[in-house]
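Remarks on the structure that follows.
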Amino acid sequence: MNIPKTIHLLCIKLHKMPKWVWQIGGIFIALFYCFWLYFFLVAPSGFRWRAIYGDPDYPDGYEIHGIDISHHQGNVNWARLRNALIEQSPVRFVFMKSTEGDSHVDRNFRSNFANAKEAGLIRGVYHFWSNNSSPRRQAYFYLAMTPLEPGDLPPVLDVETKPNGISTGEFQQNILTWLHIVEDKFHVKPIIYTFYKFKDQYLSDSRFDDYPYWIAHYYVDKMEYPGKWLFWQHTDAGKLPGIKGYVDLNIFNGSYYNLMQLLIPKPKIDKKSDTPIYDSLYIDSFSVQD
């Protein structure tokens, strides 16, 4: 078989085809390309596109909405944020970063903490876990720099990475050390923030079952994590009045009454002295960075 000659004859036949055949073929190719582009690129990211273009109407079925912020959001206009609506509901709570590791304080924390209360929002404060310092130092540093009060959400540990040099069991024990120290101070179980796949891989031990979870799972219309959870960070591309740029949006998995029940309670009162009973706390010297 003479392949070059066959190809030559085929090219001649194609060249002699009517123009309308080429036009129809081009239309089919264009339609196939659009189909592929939508189902493999656009549709899986649909919720992200909606978030970027300012449509916060997702996910459905939840009535309590909130945000989380750090210095990355800059200076918040709290008056505008207080009047912002998500799904025709007000912003109820705001998580904010206070500390990271055993020496860094978020530079906007103090103003965010004071202004959130002034705006009438329920406050939550998280510590960003570092694999480069001990869990005890991180816990005491968080307690020293984070003046949580009755009526605030429980303390939060944001843990997203496991170091390569230790076993999963040792890593879990480090996390539990932080949780136990902070729990002993506030008498409430801290909230654990993480990604749902990270939770399944590293925090599936039964010792973590009683802790409330704040799960990050983006751009989907429903939570895929099958376990129990209280907060869902469903996008990092939200847009709200009072905040320049993008902000993380969250929902609470419960009613407003359930949210109120979660807050740090007032301390017990010593009947003899009529003063609050707080645990003693030893704070080592720390270098605070703004």
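Of all the helices (runs of 4 or more DSSP H) wholly in segment 121-214, which have at least 2 residues that are over 30 Å from K268 (Cα atoms)?
Qualifying helices (runs of 4 or more DSSP H): 168-186, 196-202.
Of all residues in segment 105-120, how many are in a helix (DSSP H, G or I) and not charged (D, E, K, R)?
Within segment 105-120, residues that are in a helix (DSSP H, G or I) and not charged (D, E, K, R) number 7.
Here are V220, V247: which of them is in the same structural domain as S89 (by TED's automatic domain parsing), aliphatic (A, V, I, L, M) and at pLDDT below 95?
Result of the check over V220, V247: V220.
Kindly list the number of the only condition in (1) surrounded by fewer than 19 Cβ atoms within 10 Å (Cβ to Cβ); (2) assigned to a loop (DSSP other than H, G, I, E, B); (3) out of contact with any strand residue (DSSP E or B) (no Cβ under 8 Å at 6 or more places or on another chain); (4) acidic (D, E) that fails for D102.
Going through (1) surrounded by fewer than 19 Cβ atoms within 10 Å (Cβ to Cβ); (2) assigned to a loop (DSSP other than H, G, I, E, B); (3) out of contact with any strand residue (DSSP E or B) (no Cβ under 8 Å at 6 or more places or on another chain); (4) acidic (D, E) one by one, D102 breaks only (1).
Out of all the residues in segment 267-281, is one or more at pLDDT below 95, of a type outside the set (K, R) and closer than 17 Å to L153 by Cβ?
yes
Looking only at segment 85-101, count how many residues are in contact with an Asp or Glu (Cβ under 9 Å, 6 or more places away or on another chain) and over 30 Å from D60 (Cα atoms).
Total meeting the criteria: 3.
Condition (residue is over 20 Å from the mean Cα position of the chain (by Cα), modelled with pLDDT of 95 or more, buried (at least 18 other Cβ atoms within 10 Å of the Cβ) and of a type outside the set (S, T, Y)) applied to segment 155-173: is it met by at least one residue?
Yes, some residue in segment 155-173 is over 20 Å from the mean Cα position of the chain (by Cα), modelled with pLDDT of 95 or more, buried (at least 18 other Cβ atoms within 10 Å of the Cβ) and of a type outside the set (S, T, Y).
Mind checking whether some residue in segment 81-89 is farther than 30 Å from N132 by Cβ, free of Cβ contacts under 8 Å to residues at least 60 places away in the same chain and in a strand (DSSP E or B)?
yes
Taking only pairs six or more apart or across chains, which ones have beta-carbon atoms under 7 Å, a first residue in segment 152-174 that is in contact (Cβ under 8 Å) with a residue 60 or more places away in the chain, and a second residue that is part of a loop (DSSP other than H, G, I, E, B) and of a type in the set (A, V, I, L, M)?
Listed by first residue and then by second, the contacts come to D152/L263; D152/I264; L153/L263; P154/V188; P154/I264.
The values are calculated or read from the model by the stated rules, or taken from the named source; none is laboratory data. What you see is a predicted model, and the numbers here were worked out from it, not measured in a lab. Positions of Cβ are generated from backbone atoms using ideal geometry, with glycine treated the same way; all protein chains shown enter the neighbour counts.
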